[in-house]
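Reviewing the structure listed below.
The values are calculated or read from the model by the stated rules, or taken from the named source; none is laboratory data. Because the structure is predicted, anything quoted here is derived from the model rather than measured. Reconstructed Cβ throughout: ideal geometry from the backbone, glycine too, with neighbour counts over all protein chains shown. Heads up: the accessible areas ignore ligands, DNA and RNA and are worked out on the full protein's heavy atoms, side chains in. Shrake-Rupley method; radii C 1.70, N 1.55, O 1.52, S 1.80 Å.
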Number of protein chains: 2
Amino acid sequence: MSISKPTIILVKPQMGENIGAAARAMLNFGLTDLRLVSPRDGWPSESAEAMSAGALDKMPPVQVFDSVAEAIADCHHVYATTARPRDMVKPAMPAREAANDMHARAAKEQKTAILFGGERAGLENDDVAHAHTIITLPTNPDFSSLNLGQAVMLCVYEWFQVTPPALSQNEDPLATQKDFEDLMNRLEEELDKGGFFPAPDMKPTTVRNVRNLFTRIEMTDQEVRTFHGMVSALIGKKKR
Amino acid sequence: MSISKPTIILVKPQMGENIGAAARAMLNFGLTDLRLVSPRDGWPSESAEAMSAGALDKMPPVQVFDSVAEAIADCHHVYATTARPRDMVKPAMPAREAANDMHARAAKEQKTAILFGGERAGLENDDVAHAHTIITLPTNPDFSSLNLGQAVMLCVYEWFQVTPPALSQNEDPLATQKDFEDLMNRLEEELDKGGFFPAPDMKPTTVRNVRNLFTRIEMTDQEVRTFHGMVSALIGKKKR
């Protein structure tokens with residue numbers, strides 16, 4: 001699995017046919033790391049096999065996860081494709097610009113992933129909250145419904161069109177999403193103990209807002225360690 | 001039907017599903033003029049309707065023709081998509097460059113069309129001979145099979161991404177393909193009468209080579225008239 005190529009993650013996909021079409025489009029444009037989060041009809045899928053036109057047989061096995069957090073654990077920078085605007089403060093860019101961004105990050109040895117939502121309603125806000133960057137796919141406003149396979153194809157096509165930039169000097173390495181997730185979970189737990197969430201029904205929204213806030217920072221490894229130190233200090237666990 | 005937008009022409013498409021997918025992709029990116037040449041299963045098609053996700057109902061009626069020549073009669077510049085190299089001397093460009101070329105031609109009031117071949121074998125050489133420019137769709141060389149709907153989508157997506165250039169000053173108008181076709185047919189007839197095709201089994205290849213030669217010129221209206229005059233003169237019909 002090459003760090004230089006983006007991982008494609010389908011979140012709660014419904015139709016095997018669309019998973020197969022996504023796999024076919026990926027291999028058409030040289031991508032092979034496909035992951036699924038909670039596919040409705042399970043995995044493997046005969047209809048996906050048939051629709052992939054042989055692509056699934058030529059790719060490494062598809063990995064299946066129970067949550068977005070697990071699926072992106074080894075990634076550094078996460079993109080989310082979304083058709084409708086979200087009430088979140090995140091940078092958004094069209095697929096062509098995002099493709100250039102992916103190559104630039106690969107040159108810095110950052111592993112990237114792109115999240116695609118299910119056929120019915122796209123990504124949930126809690127899924128988008130994991131992403132650092134929104135990818136938009138501009139279409140005819142009077143007939144904008146792209147299907148899942150088409151949306152994947154446009155993103156991977158754009159990725160394939162870019163001439164990769166030269167490897168750059170190593171900067172401070174970004175934290176993996178696993179390390180970031182552990183930090184967020186710990187923060188949430190400690191905030192809960194501290195009475196930060198007085199109204200239980202508001203807790204999910206508040207958690208999401210907190211996550212969105214810190215996702216925007218794109219912490220380095222060192223910054224995640226520093227942040228853990230700050231939390232320890234604040235709750236009085238720091239060694240003196 | 002706007003002259004500023006390319007016409008999509010599917011030549012001998014087999015599966016209604018792929019015609020429907022092409023229509024959906026077209027409307028996603030703002031194109032509405034779809035033409036078919038000899039669709040295998042006839043027209044209209046229930047499977048095309050279903051796969052178009054409503055696009056076919058929102059577009060003007062699809063036009064069906066018996067030949068490529070008839071389908072492109074009102075067009076000025078014709079592109080052909082082809083996966084394998086052809087033994088023909090024609091300019092070739094990737095879809096992105098072709099999209100810019102289409103907009104530049106639209107600004108000169110030239111009507112453009114893109115030919116797509118059937119699922120099995122793509123365009124025949126005689127179909128490609130009608131085209132002025134080849135469009136290539138670069139893919140992973142180890143897994144390059146794009147289906148018909150995907151190929152259409154990539155071309156129309158690229159078209160949609162271009163900011164149209166300003167209308168330019170009128171140059172000499174190009175001949176329509178109808179007028180060019182009439183000229184070619186007349187030329188072939190007169191060449192035949194003159195014994196230009198001694199071996200009957202070689203005639204189709206020779207006709208194609210002649211057509212490819214003159215397609216490269218992209219004649220203006222005036223040049224077609226001049227050419228007719230030359231033929232008349234050569235066969236001795238010119239008024240003295």
Express in whole angstrom the spacing between the alpha-carbon centres of segment B:175-229 and segment B:64-120.
19
Could you work out how far helix A:16-28 tilts from the main Cα principal axis of chain A, as a 0 to 90 degree angle to the nearest 10?
80
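Assuming R0 = 35 Å, what is the FRET efficiency of A:ASP126 and B:ASP142, from their Cβ-Cβ distance, to the nearest 0.05?
Calculated transfer efficiency: 0.40.
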Rounded to the nearest 10 degrees, the helix A:203-215 long axis (Cα) sits at an angle to the longest Cα principal axis of chain A of 80
Sort B:LEU183, A:LEU174 from largest to smallest accessible area, using a 1.4 Å probe on the heavy atoms of the protein chains.
A:LEU174, B:LEU183
Compute the label zone of B:PHE214 within segment B:66-101: residues whose backbone N is under 16 Å from the point 7 Å along Cα-to-Cβ.
B:69-70, B:73
Dipole of chain B, positive direction: furthest Cα of B:ILE8, B:ALA25, B:PRO204, with charges on the beta-carbon:
B:PRO204
Can you send over the solvent-accessible area of B:ARG211, 1.4 Å probe, protein chains only, in Å² to the nearest 10?
30
Within the P(r) computed for segment A:2-120, what percentage of the Cα pairs occupies the region above 23 Å?
29
Could you tell me how many degrees, from 0 to 90 and to the nearest 10, lie between the Cα long axis of helix A:148-161 and the main elongation axis, the longest principal axis, of the Cα atoms of chain A?
90
PRE zone check, label point 7 Å out along Cα-to-Cβ of A:ALA73, amide N under 16 Å, scope segment A:1-38, hits A:35-38
How high is the relative contact order of chain A, in percent, with contacts defined as C-alpha pairs under 8 Å that are six or more residues apart?
23
Leaving out ligands, DNA and RNA, what percent of the accessible area of the protein assembly as shown is carbon and sulfur, probe 1.4 Å?
53
When the Debye formula is applied to the Cα atoms of segment B:89-167, each taken as the same point scatterer, what base-10 log of I(q)/I(0) results at q = 0.12, 0.16 Å⁻¹?
-0.37, -0.65
Taking every pair of alpha-carbon atoms in the protein assembly as shown, give the share separated by more than 34 Å as a whole percent.
45
What are the nm distances, shortest first, from A:SER4 to its equivalents in the other copies, labels at 7 Å along Cα→Cβ?
4.2
Once you average over the residues of B:153-161, how many Cβ atoms of partner chains fall within 10 Å of each Cβ?
4
Simple SL model, points at 7 angstrom along Cα→Cβ for A:ASN185 and B:ASP57; separation in nm is 4.7
Could you please put B:ASP182, B:ASP41, B:ASP142 in sequence from largest to smallest accessible area, using a 1.4 Å probe?
B:ASP142, B:ASP41, B:ASP182
Span per principal axis, largest first, for the Cα atoms of chain A (Å)
61, 45, 36
